[in-house]
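Report on the structure given below.
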Amino acid sequence: MVEYDKDAIVYPYITEYIRGEIPENTGILKEMEDYAVTNSIPILQPETAKLLTVLTTVLRPVRILEIGCAIGYSAILMAGNMAENGSITTVEWDTDMVEKARENIEKSGLSDRIRVIHDDAKNLLPNLTGQYDMIFLDGPKAHYIYMLNDCIRLLKKGGILFADNIMYKGMVADEEHVIKRKITIVKRLRHFVSAQMKRTELETVILPLGDGVTIAVKK
């Protein structure tokens, strides 16, 4: 049974049904899921992971930029569905997470295709060049708004910008859910979502799936 409090953004019985229909992962992904649970490390929720898998399979990106690597779970997930000559650049500021991610990536045999940069993405992005087929935004939520312009600049025409946790346990959508110590994050996420929806270079949709996502295509 999936347990939810008032912060759920969808009915718990719907989430339970969706997750019950998603086949369990095996191998390194299952090991990482178990590790994340044991060590209280946030990784993609199953339904969000499945959506990212479908989008990556459809787009078959050659170049992917990920903001927020954690233990490398989503990078390894995307690597399994990108183009055969594809590569992923992923950015993470936490030293322990960087070490664990590199360990998992090496274990998965993807060290030649996934590069982990140890840096603060907010400061790194303005210095990046080139064009990416997909950008997965899953770093510090309060920094999303500061990275939007660079994400759009770095995204190729027809590319996808996928941002996770934009509902932030329902707080972004409903004032009654907001926890006082999270007010700054919530305000900045609201600003990010609003700014993204208004950008004429993007066609953006908000989905109440997982912890909430936006998916944008650059026109």
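The values are calculated or read from the model by the stated rules, or taken from the named source; none is laboratory data. All of these numbers come straight from a predicted model, not from anything done at the bench. Cβ sites come from the backbone with ideal geometry, for glycine too, and all protein chains shown count toward neighbours. Areas reflect the complete protein model, heavy atoms only, side chains present, ligands, DNA and RNA absent. Shrake-Rupley method; radii C 1.70, N 1.55, O 1.52, S 1.80 Å.
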#### Entry: Output for the range 99-151, where each listed residue is under 19 Å from residue 192 (Cβ atoms), out of contact with any helix residue (DSSP H, G or I) (no Cβ under 8 Å at 6 or more places or on another chain) and acidic (Asp, Glu)
120
### Query
Consider residue 147 against the criteria (1) assigned to a helix (DSSP H, G or I); (2) buried (at least 18 other Cβ atoms within 10 Å of the Cβ); (3) modelled with pLDDT of 95 or more; (4) over 14 Å from the mean Cα position of the chain (by Cα): it satisfies all of them except one. Which criterion is unmet?
(4)
## Note on the structure
Across the range 10-44, the tally of residues that are among the β-branched types (Val, Ile, Thr) and either open to solvent by 70 Å² or more (accessible area, probe 1.4 Å) or in a helix (DSSP H, G or I) (or both) stands at 7
### Query
So which residues in the range 81-115 are among the hydrophobic types (A, V, I, L, M, F, W, C) and farther than 16 Å from residue 68 by Cα?
82, 83, 110
### Query
Between residues in the range 186-204 that are among the acidic types (Asp, Glu) and residues that are part of a helix (DSSP H, G or I) and surrounded by fewer than 19 Cβ atoms within 10 Å (Cβ to Cβ), which pairs lie under 7 Å by C-beta distance while being six or more apart or on different chains?
201/152
#### Entry: Residue count for the range 125-151, restricted to those that are under 22 Å from residue 79 (Cα atoms) and hydrophobic (A, V, I, L, M, F, W, C)
7
### Query
Across the range 51-98, what is the number of residues that are assigned to a loop (DSSP other than H, G, I, E, B) and open to solvent by 50 Å² or more (accessible area, probe 1.4 Å)?
6
### Message
Can you tell me how many residues within the range 178-204 are crowded, with 19+ Cβ neighbours inside 10 Å and either in contact with an Asp or Glu (Cβ under 7 Å, 6 or more places away or on another chain) or β-branched (Val, Ile, Thr) (or both)?
### Response
3
### Query
Can you tell me which residue in the range 150-177 is surrounded by the fewest Cβ atoms within 10 Å (Cβ to Cβ), limited to those that are among the hydrophobic types (A, V, I, L, M, F, W, C) and within 18 Å of residue 65 (Cα to Cα)?
152
#### Entry: Residue that is nearest to residue 43 (Cα to Cα) [pool: residues in the range 197-215 that are of a type outside the set (D, E, K, R) and within 13 Å of the chain's Cα centre (by Cα)]
210
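Okay, residues lined up against (1) without any contact (Cβ under 8 Å) to a residue 40 or more places away in the chain; (2) in contact with a His (Cβ under 6 Å, 6 or more places away or on another chain):
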residue: 90; (1), (2): yes, no
residue: 95; (1), (2): yes, no
residue: 98; (1), (2): yes, yes
residue: 104; (1), (2): no, no
residue: 110; (1), (2): yes, no
residue: 144; (1), (2): no, no
residue: 160; (1), (2): no, no
### Query
If you go through the range 161-198 one residue at a time, how many are touching a helix residue (DSSP H, G or I) at 6+ places or on another chain (Cβ under 7 Å), part of a helix (DSSP H, G or I) and over 26 Å from residue 132 (Cβ atoms)?
1
### Query
For the range 205-219, what are the residues that are of a type outside the set (D, E, K, R) and either within 16 Å of residue 190 (Cβ to Cβ) or surrounded by 15 or more Cβ atoms within 10 Å (Cβ to Cβ) (or both)?
206, 208, 209, 210, 212, 213, 214, 215, 216, 217
